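So the structure is just underneath, and the comments pick up after that.
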Amino acid sequence: MPRPLAGPLPRIRLLATGGTIAGAQTAGRGYRAAALSIEALVAAVPQLAILAQIEVEQVAKLGSQDMTEAVWRKLAARAQAAVADPAIAGVVITHGTDTMEETAYFLSLVARTENPVVLDGAMRPANAMSADGPMNLFNAIAVAITPAARSRGVLVVANDEIHFAREVTKTNTTQLGTFHSGQRVLAGLANAGRPHFYAPPVRRHTAASEFTLPARTALPRVDIIFAHAGMDRALIEAAVAAGARGLVIAGVGDGNLGAPALAACAAAAKKGVAVVRSSRTGGGVVERNIEIDDDRLGFIAADELNPEKARVLLTLGLTRTRDPRALQEFFLAY
Ligand code: GLU
């Protein structure tokens, strides 16, 4: 355990959105995400009082499968308002684990701050046997008050690990060690409130990001399409017909897709729809012009981003440009 600090404790703004960390097990097999308030979660971890003065705000109360652009906007605004206050050392956000990586990456692209912004969640409901939420929250607060966490962008803290927003992904449906940063090293470890940091993040984020949220217009529609053997044109055409301004293909292998689907994507790109090739494999780099002639077809390669993060970057990228070459530069920079 860290020792109590001398002098006034740092102030942390704790923004709550729900998730299993606020979940309550029900009588049967299941549980209800987002059942508990943030006040209840903080009250369950009295040890937080040795780390920080915590100001709480319930921004939403949902399972993160229900995360929306509206909640993302609210979170971004509330996090930005918090870090604008020089008395606030950092922001912690409690969040369901299902889409935590998307929210973390989104915030890492739109939050203008050097201060720590840390997301945390839990795999077990708050009232489950050996719940992981209390220690994850303790570690998240400990990371957010640490000067060494500054300028590292948005972080995800869970299961004693600290992950960069760009690298982290959920890899397991139920187990505590679900978060992995398989492409890169961890940002660090958090051992019972003692953070240890390793390498810095590799790409642009937060204070160095060029993305801002358009105030009055909704973000453009971007759909993810999962490729498979025997795939035809239908889903690609349906997405374009539904108004998609961008498509992220969770391609087979190195971001590949078969001839009929490829032809549909080429037709979409010709109409001005941005087509990003990512991979369904869960690892590796999708490079340009390997088996698919991206230059000729006007496609974009996702580099290391998984499909869900490629969707976040493409959504924000499309608020700046529709030029595939300029969009490609974003995928090499962020
Ligand atoms: N579906 C829930 C959510 O993402 C449960 C997952 C969790 O929080 O661990 O909010």
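Here are a few things to note about the model shown:
- Between G182, I21, T212, the Cα set farthest toward the positive side of the dipole of the chain (charges on each charged residue's Cβ, about the Cα centre) is that of T212.
- Couplings for region 188-193, taken from phi via the Karplus curve 6.51 cos²θ - 1.76 cosθ + 1.60 with θ = phi - 60°, read x, 10, 10, 9, 6, x Hz in order; Gly and Pro are left as x.
- Full extension of the chain between R184 and N289 gives 35.4 nm of extra length, using 0.36 nm per residue less the Cα-Cα distance.
- In this structure, the amide hydrogen of A301, modeled 1.01 Å from its nitrogen in the peptide plane, lies closer than 5 angstrom to those of R277, counting only residues at least 5 positions away or on a different chain.
- Modelled label positions at A27 and A333, each set 7 Å beyond Cα in the direction of Cβ, lie 5.8 nm from each other.
- Checking every one of the chymotrypsin sites (Phe, Trp or Tyr not before Pro) in region 170-247 against DSSP loop status and a limit of 14 other Cβ atoms within 10 Å picks out Y198.
- Full extension of the segment from Q58 to A218, taken as 0.36 nm per residue of separation minus the current Cα-Cα distance, would add 55.2 nm.
- Share, in percent, of DSSP beta bridges within the chain that are antiparallel, nearest 5: 30 percent
- Reachable lysines from K170, criterion Cα separation under 27 angstrom, eight or more residues apart if same chain: K61, K74, K309
- Highest mean first, the peptides 304-313, 120-129 sorted by other C-beta atoms within 10 Å per residue fall in the order 304-313, 120-129.
- Residue-averaged [θ]222 nm for the chain, counting only DSSP H segments that reach four residues, each worth -39500 (n - 2.57): -8000 deg cm²/dmol
- Extension reserve of the A192-N172 stretch, reckoned as 0.36 nm per residue once the Cα distance is removed: 4.9 nm
- Cα-centred dipole magnitude for the chain, charges only on beta-carbon of K, R (+1) and D, E (-1), debye, nearest 20: 540 debye
- For H95, H180, H228, order by how many other beta-carbon atoms lie within 10 Å, fewest first: H228, H180, H95
Read-outs throughout are calculated quantities, based only on the coordinates presented, and are distinct from any laboratory measurement. Every value quoted in this text rests on a predicted model; they were computed, and no experiment measured them. Using ideal geometry, Cβ is built from the backbone for each residue, glycine included, and neighbour counts are taken over all protein chains shown.
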